[in-house]
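Note sheet for the following structure.
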Amino acid sequence: MTNMFKRSLVALAIAGASTGAMAADVSLTDTTYATDEFMSSMEEILSKDVVITLNDEYKEGDYIYLRFEDGAYIGGAPNQLTVGYAEQLDEGDFDNDGNTYPAPAGGYNDDGDSEDVNKGITVDYVAQTSDNDGNTVLIYRVTNVYGDQVTASNDTTYGIDLNFGRLNFSAPVVVAQDGVMFDTFSRIDSQPWPTTTNPWPFDTVTAPMTDNTQLFKMGPQFELVVEKEYSGELDVWDYRRTFRTAGMSHGNNYNEDDGEFLVVTTSNPDDGTPADDNAGAWDFVVQVDQDAGEKILFTLSGDNMFGWIDSANPAGAETYFGAATTNTCSYVSHNSSEMNFRCDNADQLVEVVYDLAAVANSFNNPKQDGEFSLSAVVNWEHTTGQYSDSGTTDDVDFPEDGVLMSSPYEGETSLGPVDAGMWTVNGSVTHIPYMPYSAQSTSGEITPISQIIYVTNDSRDPAFDDAVGEDGDAPENNDVNRIIWVEAMEEDGTTHTFELDALANPGVTAIAGDIREGLFNLGLLNSTRFLSLTINVADYPTNVSIYSAYNVNGSDRGWVQNDSVRTDRDFYRGNDLID
């Protein structure tokens, strides 16, 4: 539940504006940083010490109020607090008996011409109540103030720290309201809260002091990070079996492509801000469940991206964990569109390598171009020993921090999917040096100049031995998408690239309409244009031929020569001059 307490300036909107009361300084009350996973496993959770620093001269009978958001507070407030005379602050040469000793440098209220010594003070718990917004209010009364043993001293309640200790809160309520705002205010004895009279301003604070703070801040513990994406370009001249080296020709191919990723432990929400007293670290986290069937399960996905793998278990063959891996990982399972593997720990790198030529049958299978995505499930556990062992466990700063729902408490966190790169493909490239286009104002409009462009794919794969010098048939290429993408160049040399919806499947495919629609969507047909087109088809160049022409007013057809293979496709067989 969200109320005015949480989302307003507490001291101003509630303490100052509504009651006239002012507050002590709560700067010494630190925020507890606990991950969402940790909080989900808890029934109750302790705050860090709730400390207020008095910034006025209190007397017996005055009231101090501690207010906590909504109904999150359970208990733990002390019945009485006492701070002895000169226990916290003694700038002069005086002790409780009037004896002298060397004065320390500086102090909370050092005015340079008098010696400040804290008075003794006792506050007693009076009652617990609620304000009109349902916030819990704890009432304390000053029952004893003493000091002035030495008349030369400047005895004061200014600067006294009242430490109410660690208070207990309902973890589910803390989670539901995204934390617990805490503020404090004080009233003189003649005007106790909640009277609406305008009291004399009591215990005001000024920056950098503050009268309100957040006791708990939370956030997800885990994040999935891709350090290196997959980036291979499949070479149709090698039947999509291997990757083409960038900028090189047929024969300059390579077999492996790798991605690197990991699950990282996040930082707390205040990381890098003045409010952060933990230097980004969480106070409370859960641990990765080390049971054999749990840990962190990674899933790498892509439509038909693993259909080329012939091995039932490709671990150590078609895929392996590379040298950059600092984690301990194992292969789990795969199908044509998904591969799963399990790793022990967060914050340790995983490098997964695919070797397209490691196994003969897998090598001969064509590979699918497309995108990879990565997801992970972190299986975690939380046991009593992780937070009640007096701080001996890593990442645990405080013992006995609440009540665990059960021990062990087990859960899982799903991450992703996130982009993990892609495999692209080269292919048949046909240049149409000139193609005229009429201006077009609406999608699908009939214009005076129309285009005639067909792509023919006869699936006439060259013989296997033509390319690699071995006997046998070329691998079938029926399970990969023969995508078509177009690069259009304007008269000034500006280029635009887009992919067509049409595929260059076996047969004859008309693509002029798709190309014109793509140009229209790019805003290139707002006037008559003369464009150069490059048609790319993701299939063996010897399979593909392009016909290009245009028509003016339905009667004047102009054939446009392009550099598609037209008469002697066999010229490309048995030689290495394929570019």
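Each reported figure results from applying straightforward, stated rules to the coordinates on display, with no laboratory input. Since this is a predicted model, take the numbers as computed values, not measurements. Here Cβ is always computed from backbone atoms with ideal geometry, including for glycine, and neighbour counts include all displayed protein chains.
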Here region 449-455 yields Karplus 3J(HN,Hα) values (6.51, -1.76, 1.60; θ = phi - 60°; whole Hz; Gly and Pro given as x) of 9, 10, 10, 10, 9, 10, 10
Checking rank on 279-289, 339-349, with mean other Cβ inside 10 Å and highest first, the result is 279-289, 339-349
Once ALA246 and VAL429 are pulled to full extension, the length gained, defined as 0.36 nm per residue separation minus their Cα-Cα distance, is 64.3 nm
Between the modelled labels at ASP178 and ASN144 (7 Å from Cα along Cα→Cβ) the distance in nm is 4.5
Taking 271-277, 210-216 and ranking on average Cβ neighbours within 10 Å, highest first, one gets 210-216, 271-277
Around GLN440 (Cβ within 12 Å, Cβ-to-Cβ, excluding GLN440; K/R +1, D/E -1) the net charge comes to 0
Once amide hydrogens are built 1.01 Å from N within the peptide plane, the residues lying 5 or more places from THR157 or on another chain with amide H under 5 Å from its amide H are TYR58, LYS119
Percent relative contact order for region 289-374, counting Cα pairs under 8 Å at least six residues apart, stands at 42
Restricting to Cα pairs under 8 Å and 6 or more apart, the percent relative contact order of region 212-312 works out to 24
Mean Cβ-within-10 Å packing, highest first, puts peptides 232-245, 520-533, 543-556 in the order 232-245, 543-556, 520-533
Env charge @ GLU517, Cβ radius under 11 Å, K,R +1 / D,E -1, value -2
Toy charge model, Lys and Arg Cβ at +1, Asp and Glu Cβ at -1: region 257-371 dipole around Cα centroid in debye, rounded to 20, equals 500
Label model pair SER336, GLU490: point-to-point distance (7 angstrom along the Cα→beta-carbon line) in nm is 4.3
Length gained, THR497-ASP124, 0.36 nm per residue minus C-alpha separation, equals 126.6 nm
Distance in nm between ASP310 and ILE452 label points, each 7 Å along Cα→Cβ, equals 4.6
For PRO408, the net charge from surrounding residues (Cβ-Cβ under 9 Å; K, R +1; D, E -1) works out to -3
